[in-house]
Structure formats: C-alpha cells, structure tokens
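Written below as structure tokens is the structure these notes are about.
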Amino acid sequence: MDKHLHIISFTVPYPVNQGGVYDVFYKLQALQEQGVRIHLHCFDYGRGEQPELNQFCESVHYYQRHTGHKGISTALPYIVASRKNEDLNEHLLQDNHPIFMEGVHCTYPIVDERFHQRKLFVRLHNVEYRYYNDLYKNASTAFRKLYFKRESIMLKSYERKIAQRATFWGMTEADDDVYRKEFGCNNIEQLPLYVPPHWQVTEKNGNGSFCLYHGDLSIDANEKAATWLLEKVFDKVEIPFVIAGQNPSKKLEELAHSKGHTCLVANPSEREMQDMIAKAQINILPSYTHTGIKIKLVNAIFNGRHCLVNHATANNSGLESTCHVAETAEAFANKIEDLFFTPFTPAETTHRRSLTDTLFNNQRNAKKQVGWIWGE
C-alpha cells in the first residue's frame with residue numbers, strides 16, 4: 001500500500017537557516033526514505049519557491065500567508081488565522097490521505113468540520129501560548145507587548161480547543177506534560193528533533209579561541225540575551241566574545257563593537273556559522289523562552305566544545321548533562337573564566353556521542369512516525 005501524507009509547513013522549509021526549519025526539512029528526507037510519498041504545502045512570506053524540496057516530495061504547493069490586517073481574526077490566533085487558506089483546504093479535500101501539520105500555526109483543518117473524519121497529526125514546536133507569553137515579557141516596544149499578550153491569551157484558548165481533536169507529537173516531555181495536564185490531551189507522544197544527518201559529535205582538538213553567542217538577532221528575546229551578555233557579563237570578563245546571527249539591530253552592532261574584546265558578525269552563511277561554533281571554546285546560550293527545544297543548543301552540543309546556558313535553555317531537554325548552567329551575571333562570568341582555559345575532554349565527547357545517538361536518530365524517529373500514522 002502506498003503511503004501518501006499531506007504535510008503543511010508554517011513556512012517554506014528551505015534554506016535551512018533558522019531554528020524551526022531544521023525539524024521540518026530533515027523530516028522530509030527521513031520520511032521519504034521510509035517510503036512515504038509526501039505532498040508538501042508551504043506558506044510563503046518571503047522565502048520563495050525552492051526547487052530543492054522537489055527531490056523529497058511527490059508534490060509541493062505554495063500559498064501566500066495573509067500578513068498584517070488581512071491575517072487578523074477575532075476567533076483565531078493570528079498565527080493560525082493568517083494561514084487559513086481555502087486553496088489549501090481544497091487540495092486536502094481531493095483525497096483521504098492523513099494530514100500532518102507542522103506547528104499549531106497550521107492547524108486550521110482541525111477546527112474545520114470538513115476534516116473531522118480525517119487522520120490528523122500535529123507536530124508541537126512549542127507550547128505556543130507559553131512561548132508567546134515569554135515573547136510578551138521580553139518585547140522591546142509597547143505595540144509588540146500588546147500583540148504578544150493578546151496572541152498568548154488567544155493561543156491558550158485555541159490550544160485547549162484542539163488538544164483532543166488530533167494526535168500530537170511534542171519535542172520534549174515537558175511540553176507533552178503541559179498538553180496532558182492543562183488541556184486534557186490523551187493522544188500525545190514525544191518525537192525527538194530531526195537533525196542534519198551529517199551532524200556527528202567528533203573529537204575537538206585543542207582549545208577554542210573565543211566565546212560565542214549565536215541566534216536570530218531580529219527576535220527581541222535573542223537581542224535581549226546578547227545585550228545582557230555584553231553589558232552585564234563581558235564588561236567584567238575581558239575574554240574574546242563574538243555574537244553572530246541574522247538581522248541584528250544597529251544598536252546591538254554598535255554595542256558589540258564598543259569594546260576591544262567583543263564584536264558582532266551579521267548574517268553569516270551557514271558554513272561560517274558552523275565554523276564559528278566549532279572554533280569557539282564556549283558556546284554561551286542564555287534564553288528567555290521556556291518551551292520547546294533550542295536548535296542552537298543542539299547544534300552547539302553536536303559541533304562545539306563547552307556549552308554554558310541558563311535553566312530556560314536546558315529546560316528538560318534531556319541535554320542538561322552536557323551543559324554548564326548559570327543564572328546570574330556573576331555566575332556566568334565565573335564560569336566563563338574557568339571554562340575558557342579548561343580543555344574539552346575525550347570523556348565529554350564520548351558522553352555527548354552516546355546521548356545524541358540515543359536522542360537524535362532520524363531513521364528511528366521516522367519509523368516511529370510511520371508506525372503511529374499507518375499502524376505499523
């Protein structure tokens with residue numbers, strides 16, 4: 001029996017240069033290897049059509065996301081309403097294949113009565129109402145605070161509404177527990193993150209030559225973390241510190257270049273970013289969001305040396321044993337001064353290799369997913 005699967009992606013999942021896209025793109029490869037014939041539906045709001053996706057999918061369809069006032073609804077969260085699309089629905093209704101939705105963003109079919117008899121599956125990238133509440137707390141303007149707070153309130157109601165109408169797969173047990181305990185979701189399992197197949201934990205020779213913070217710097221919470229490190233930690237520690245990421249503000253660039261031992265690399269290529277992660281002595285990754293799994297942490301564990309994080313970054317990810325944890329600026333500074341001169345040991349490499357082999361196995365995860373969808 002042919003296994004056809006509709007996958008609805010919240011964005012075009014290529015190029016693989018932002019956190020949420022990793023799981024979507026590498027899942028396509030892994031499911032195709034299991035014989036799944038994928039019909040991919042993408043919402044495009046700037047990435048454009050990507051021929052690279054055609055090699056993994058039977059068909060690829062693109063839809064414009066309704067941004068701005070066109071995406072606002074009084075009944076649905078913005079991230080859902082802006083992806084409500086009748087052309088997509090008509091495509092889905094042409095057959096009876098299972099529908100797999102990437103993120104709460106793409107779940108409008110769950111509340112559309114035309115799909116009530118279909119097999120529906122949702123990948124939770126975050127507990128979205130909690131994620132948006134964290135964004136609200138760290139927003140840089142009053143308008144953004146208002147938007148994030150409203151979205152968080154609407155998402156909590158919406159997530160409760162859909163929690164018993166589909167099968168859910170969370171990235172962490174912590175997220176799964178929220179759905180079970182707060183929303184009464186009984187049909188939820190953990191499905192670990194899909195990662196690039198070429199990521200392998202290898203021996204790191206010698207010490208790195210700088211500390212690194214990396215992330216999408218256009219996100220308020222990430223800019224806040226980078227600013228905090230510059231103003232509260234590396235004002236005390238005169239060790240080379242590099243910030244790298246997409247679309248930094250002028251203010252952050254100026255701050256990063258105001259000291260002799262700190263700098264910022266704006267919009268590095270994927271190869272440049274991976275090179276920096278590998279060459280850093282410490283990947284420093286504090287976070288202000290408490291849900292989901294941080295792709296940048298997983299990347300640093302596979303490809304870097306020491307990882308220094310706060311509890312929000314580790315957050316029941318299963319990766320805590322590979323990290324050094326601090327909370328205050330003073331504690332971060334003390335850890336940095338210690339770790340910068342501490343070699344990364346073969347024993348740490350062995351532990352990371354064992355842990356990542358257990359958690360992040362695309363083939364095993366894809367087989368598990370196929371079994372859940374088709375009962376095999």
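The values are calculated or read from the model by the stated rules, or taken from the named source; none is laboratory data. What you are looking at is a predicted structure, and each value in this text was computed from that prediction instead of being measured. Heads up, the Cβs are rebuilt from the backbone with ideal geometry, glycines too, and the neighbour counts pull from every protein chain shown. For the accessible areas, the whole protein counts, side chains as well, though only heavy atoms, and no ligand, DNA or RNA atoms are used. Shrake-Rupley method; radii C 1.70, N 1.55, O 1.52, S 1.80 Å.
Excluding residues fewer than 8 places away in the same chain, name every one of the lysines whose C-alpha is closer than 20 Å to that of Lys181. Reachable lysines: Lys156, Lys161.
Between Arg271 and Lys232, the contour length at 0.36 nm per residue exceeds the alpha carbon distance by 11.0 nm.
Normalised per residue, the accessible area of segment 1-158 is 44 Å², obtained with a 1.4 Å probe and no contribution from ligands, DNA or RNA. Ordering Tyr288, Tyr45, Tyr63 by accessible surface, largest first, gives Tyr45, Tyr288, Tyr63; the 1.4 Å probe counts only protein heavy atoms, with every chain in place. Rolling a 1.4 Å probe over the protein chains gives Arg118 an accessible area of about 30 Å².
Normalised size of segment 192-282, defined as Cα radius of gyration per 2.2 N^0.38 Å with N residues, equals 1.14. For segment 178-312, the solvent-accessible area of protein heavy atoms averages 40 Å² per residue (probe radius 1.4 Å; ligands and nucleic acids excluded). Straight-line cross-link reach from Lys251 at under 22 Å between alpha-carbon atoms covers these lysines, not counting any fewer than eight positions away in the same chain: Lys137, Lys145, Lys224, Lys232, Lys236, Lys259. A straight Cα-to-Cα reach below 24 Å connects Lys367 with the lysines Lys3, Lys27, Lys119, Lys294, residues fewer than 8 places away in its own chain not being considered. As a ratio to 2.2 N^0.38 Å, the alpha-carbon radius of gyration computed for segment 266-376 takes the value 1.21. Relative to the globular-protein estimate of 2.2 N^0.38 Å, the Cα radius of gyration of the chain stands at 1.00. The peptide list 256-265, 82-91, put in order of mean Cβ contacts within 10 Å with the highest first, becomes 82-91, 256-265. Going by accessible surface with a 1.4 Å probe and the largest first, Met101, Met276 read Met276, Met101.
Can you compute the FRET efficiency between Ile72 and Gln50 using 1/(1 + (r/R0)^6), with r the Cβ-Cβ distance and R0 = 22 Å? Round to the nearest 0.05.
For Ile72 and Gln50, the calculated efficiency is 0.20.
In this structure, the amide hydrogen of Val195, modeled 1.01 Å from its nitrogen in the peptide plane, lies closer than 5 angstrom to those of Asn362, counting only residues at least 5 positions away or on a different chain. Put simply, the amide H of Ile188, placed in the peptide plane, has neighbours under 5 Å in Phe168, leaving out anything fewer than 5 places away on its chain. Taking segment 26-60 and a reference point 7 angstrom along Cα→Cβ of Asp112, the backbone N atoms nearer than 14 Å belong to 41-43. With a cut-off of 17 Å on the backbone N, the residues of segment 97-134 near the modelled label site 7 Å out from Ile153 along Cα-Cβ are 129-134. 3J(HN,Hα) couplings calculated from phi for segment 308-315 with the Karplus curve 6.51 cos²θ - 1.76 cosθ + 1.60 (θ = phi - 60°) are, in sequence order, 10, 9, 9, 5, 5, 6, 5, 5 Hz; Gly and Pro show x. Surface composition of the chain: carbon and sulfur atoms hold 49% of the protein heavy-atom accessible area at a 1.4 Å probe.
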